[in-house]
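Each remark here refers to the structure printed beneath this line.
The values are calculated or read from the model by the stated rules, or taken from the named source; none is laboratory data. Fair warning: this is a prediction, and the values are worked out from it, not measured in the lab. As a convention, Cβ positions derive from the backbone with ideal geometry for all residues, glycine included, and neighbour counts pool all protein chains shown.
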Amino acid sequence: MIAGINRLVDIQQADIQRLSVPVTQGKNITLDVLRLDKIHATISGNKWFKLRYALEAAILSGSKTILTFGGAYSNHLLATAYACSNLGLQSVGVIRGERPEILSDTLTECNDLGMQLHFISREAYSHKGTLSYELLRQFPGAYLIPEGGADADGVKGAADIAALAKAEYSHICCAVGTGTMMAGLMNGANEEQLIIGISALKLPEHDNSIEEFIAQATGNKPNYKIWYDYHFGGYARKTPELLSFMNALHAETRIPTDFVYTAKLFYGVLDLVEKDRFPRGSRLLIIHSGGLQGNRSLPKNSLRF
Ligand SMILES: *Cc1c(COP(=O)(O)O)cnc(C)c1O
């Protein structure tokens, strides 16, 4: 079954694509993209890397059920549902809020893959401590994976992504949700490489929770910087400008992005290049972390891909 985890995706498909966009002209900066979105249509991008070791640990512990958390358009829930259905494991997806009359496309797909959808009140969801206790009482023997795979196994898996980024890159750029992928990249990169994060969330002022998580997960490594100015209103928020950017990027490069994470990443990195925030001669690698589920929440025809 553990070999089965590796066979879920095709890592060979994660090629590196040169981005030829006008902002780099005359700047002596190269921009490449690591296309982790191409490893699989459903369990794409960073989610396979982040789930891999947790699934392995669950199987080794003899657990038959994976229980994890997410929202209506969660890349993580769908990836988990897909992996479990292919590995012969049961899966439970815990979702905040009342069960809606009509499930989102993503949750419908999770359900079709055999995931048991378990809705709980926002109130209960916010009590993280007693929540796991309650859930383990309802689903005895289940193996819990935190939301977004934000634990040591997630960080360890994400470190493997850095192995696909060659030493020639001076900067590795990624989207930041929980910071798990970023922490993994920092651990896996070599000492000269700087990891640049674009936050998908708008954090309250003086909220250092992501930096604290990263410090703890990396043993206080200093090789990173997070930019917080490209959230477009906050987590899973968007503007018409962001959607036009996604359409233009796709028309120019054939790269599909999602408005929750990777569109903000590409927008941010291109803006930073334009504003000369990278030294001349920099060689940047952008991690395309996959996951297009958020786009399914958009009105039809918002995107031309
Ligand atoms: C989940 C996700 C992220 C965020 O990763 P973290 O490790 O939580 O920071 C980034 N990009 C995509 C496409 C994702 O699905």
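Quick look at the numbers
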{"quantity": "Unique match (being of a type in the set (Lys, Arg) and at pLDDT 95 or above) among LYS27, LYS64", "calculated": "LYS64"}
{"quantity": "Filter result for the condition that a residue is among the polar types (S, T, N, Q) and crowded, with 20+ Cβ neighbours inside 10 Å, over THR239, THR257, THR253", "calculated": "THR257"}
{"quantity": "Candidates PHE278, PHE232 - the one that is on the phi > 0 side of the Ramachandran plot and modelled with pLDDT of 95 or more", "calculated": "PHE232"}
{"quantity": "Inter-residue pairs, beta-carbon under 7 Å, first away from the ligand (no atom under 13 Å from the Cβ) and in segment 197-226, second outside any helix (DSSP H, G or I) and of a type in the set (Val, Ile, Thr), 6+ apart", "calculated": "ASN223/ILE195; LYS225/ILE196"}
{"quantity": "Selection count where residues are over 17 Å from the mean Cα position of the chain (by Cα) and surrounded by 15 or more Cβ atoms within 10 Å (Cβ to Cβ), scope segment 74-92", "calculated": "8"}
{"quantity": "Residue list for segment 44-70, filter: more than 11 Å from the ligand (Cβ to nearest atom), on the phi < 0 side of the Ramachandran plot and part of a loop (DSSP other than H, G, I, E, B)", "calculated": "SER61, SER63, LYS64"}
{"quantity": "Selected residue (criterion: surrounded by the most Cβ atoms within 10 Å (Cβ to Cβ)) from residues of segment 262-282 that are touching a helix residue (DSSP H, G or I) at 6+ places or on another chain (Cβ under 9 Å) and among the aliphatic types (A, V, I, L, M)", "calculated": "ALA263"}
{"quantity": "Residue pairs meeting the criteria (Cβ under 6 Å; at least 6 apart or on separate chains; first touching a residue at least 24 places away in the same chain (Cβ under 8 Å), in segment 158-187; second of a type in the set (D, E, K, R) and surrounded by fewer than 21 Cβ atoms within 10 Å (Cβ to Cβ))", "calculated": "GLU168/ARG283; TYR169/ARG283; SER170/ARG283; MET186/LYS221"}
{"quantity": "Residue match in segment 134-145 (condition: crowded, with 17+ Cβ neighbours inside 10 Å, within 16 Å of the ligand (Cβ to nearest atom) and either at pLDDT 95 or above or within 30 Å of TYR228 (Cβ to Cβ) (or both))", "calculated": "yes"}
{"quantity": "Test for GLY114: is it under 19 Å from GLU56 (Cα atoms), touching a strand residue (DSSP E or B) at 6+ places or on another chain (Cβ under 9 Å) and outside any helix (DSSP H, G or I)", "calculated": "no"}
{"quantity": "Top-ranked residue in segment 127-180 [being basic (Lys, Arg) and outside any loop (DSSP other than H, G, I, E, B); ranked as farthest from ASP258 (Cα to Cα)]", "calculated": "ARG137"}
{"quantity": "Hey, GLY268 away from the ligand (no atom under 11 Å from the Cβ), small (Gly, Ala, Ser) and out of contact with any Gly (no Cβ under 7 Å at 6 or more places or on another chain) or not", "calculated": "yes"}
